[in-house]
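The values are calculated or read from the model by the stated rules, or taken from the named source; none is laboratory data. Since this is a predicted model, take the numbers as computed values, not measurements. For neighbour counting, all protein chains shown are included, and Cβ atoms are generated from backbone atoms with ideal geometry for every residue, glycine included.
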């Protein structure tokens with residue numbers, strides 16, 4: 001225990017001294033993060049190279065511990081072969097983040113570097129496994145890679161409020177340290193305690209109002225290290241719940257990342273495009289100050305830490321119940337954040353709107369195939385009339401290739417309703433009518449009109465050359481109220 005305290009104090013002291021030095025150097029060099037009044041709300045330029053003092057303090061603590069006559073030094077020496085294999089992966093993640101901070105990298109470049117680092121970690125012995133065995137099936141490699149890259153990016157995404165990512169990382173690292181002590185896992189304890197000291201010292205300058213930011217070099221590094229710690233933590237577990245406890249300890253960043261991906265998917269937005277929909281943004285919009293947001297999420301991290309440690313201690317008797325309660329608490333928290341995307345999607349599922357929309361889209365796809373296969377104007381008319389009736393239109397008129405089609409010679413647009421005109425060419429047109437009593441799904445009107453125009457326009461010449469047939473011929477109906485519906 002004495003060796004752990006010394007190691008933690010050394011890393012804390014180094015971080016406390018190196019952080020302002022690095023900050024001042026990069027301020028003089030003008031390498032800073034400028035505010036943009038949108039997502040970057042700080043009022044003046046601030047360096048975003050927090051990963052540099054953190055990794056220097058972390059490595060320096062181990063170096064000094066090896067030189068001091070401490071009992072823990074022998075444990076560190078025993079772990080040197082493993083650490084030497086893992087070190088290239090850690091340095092690669094840090095380098096990717098630093099390059100992005102200084103030069104800016106494309107998403108694919110960052111992900112390529114992160115997956116390469118995760119692969120190096122797997123080669124070093126960081127394997128997700130169950131029942132305490134390192135032997136695993138084919139799924140072990142991809143699962144480990146996704147876990148490590150996911151953890152790294154989760155901390156990168158949550159780094160949007162002063163002190164948030166560093167504080168969440170501090171809680172998660174401290175939780176892992178306590179779990180390591182409970183397991184008598186000396187190697188994991190010696191790996192985590194310097195990071196606790198580093199983050200504690202760094203928070204002195206990163207908490208609101210911050211004078212230095214973590215940047216990608218710091219957030220990716222912390223997330224990646226915690227991902228590795230989580231895997232090493234789970235390897236001592238003897239149950240299938242092995243990865244659940246580390247996941248609870250990292251609940252806030254991982255949940256925020258999952259919500260961001262789900263939100264952007266539902267809104268059909270690029271997954272890697274930044275927005276102001278993260279958990280901390282939602283709390284800021286509710287009137288909380290950045291300091292209170294950070295403190296509130298620290299408290300939530302404390303709850304997650306309590307759940308994870310409780311699961312570690314009582315997994316045999318109450319493991320399933322603890323997981324269920326944790327999921328229920330997380331769901332209640334998400335509900336209180338008021339995300340419109342999930343509320344709307346949930347209502348669509350519960351009220352059957354999703355199934356109705358899916359059915360309409362399948363009907364539309366079938367209609368397009370039938371209309372594309374129609375070889376004569378009459379076949380086109382039959383396809384359009386049948387689909388229009390299914391969608392709720394009460395009046396259908398088609399003028400195509402010099403022929404007019406309607407339900408009957410006396411058919412007229414509805415008096416109490418609307419008509420929609422779909423031009424196919426200068427002389428060809430489709431007119432659809434619906435009254436106010438008939439329910440027509442608004443989401444299908446424009447796609448249906450686009451399908452008619454885009455399918456008929458390219459085949460007009462072939463339809464004009466088809467054999468003439470007997471049809472109802474009527475005068476073009478008068479349209480008192482019309483809505484133009486063209487589709488490019």
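Taking the range 211-317 and the helices (runs of 4 or more DSSP H) fully enclosed by it, the elements with 3 or more residues that are over 15 Å from the mean Cα position of the chain (by Cα) and under 26 Å from residue 187 (Cβ atoms) are at 215-234, 244-249. Going by what's in this entry, would residue 74 be described as farther than 24 Å from residue 156 by Cα, assigned by TED's automatic domain parsing to the domain that holds residue 141 and in a helix (DSSP H, G or I)? In short, yes. Can you tell which of 13, 60 is assigned to a helix (DSSP H, G or I), at pLDDT 95 or above and either in the same structural domain as residue 181 (by TED's automatic domain parsing) or farther than 30 Å from residue 277 by Cα (or both)? Within the list 13, 60, the selection yields 13.
For the range 323-353, the set of residues classified as at pLDDT below 70 and either in a loop (DSSP other than H, G, I, E, B) or over 22 Å from the mean Cα position of the chain (by Cα) (or both) consists of 350, 351, 352, 353, listed by residue number.
On inspection, residue 65 passes the criterion of being within 20 Å of residue 14 (Cβ to Cβ) and either at pLDDT below 90 or surrounded by 17 or more Cβ atoms within 10 Å (Cβ to Cβ) (or both). Test residue 168 against the criterion of being at pLDDT 90 or above and either under 16 Å from residue 221 (Cα atoms) or crowded, with 22+ Cβ neighbours inside 10 Å (or both), and give yes or no. Considered against the rule, which asks whether it is at pLDDT 90 or above and either under 16 Å from residue 221 (Cα atoms) or crowded, with 22+ Cβ neighbours inside 10 Å (or both), residue 168 comes out as yes. For the condition more than 42 Å from the chain's Cα centre (by Cα), at pLDDT 75 or above and farther than 22 Å from residue 365 by Cβ, residue 408 does not qualify.
Looking only at the range 172-189, how many residues end up being in a helix (DSSP H, G or I) and surrounded by fewer than 24 Cβ atoms within 10 Å (Cβ to Cβ)?
11
Residue count for the range 89-112, restricted to those that are under 24 Å from residue 229 (Cβ atoms) and either touching a strand residue (DSSP E or B) at 6+ places or on another chain (Cβ under 9 Å) or not in a helix (DSSP H, G or I) (or both): 1.
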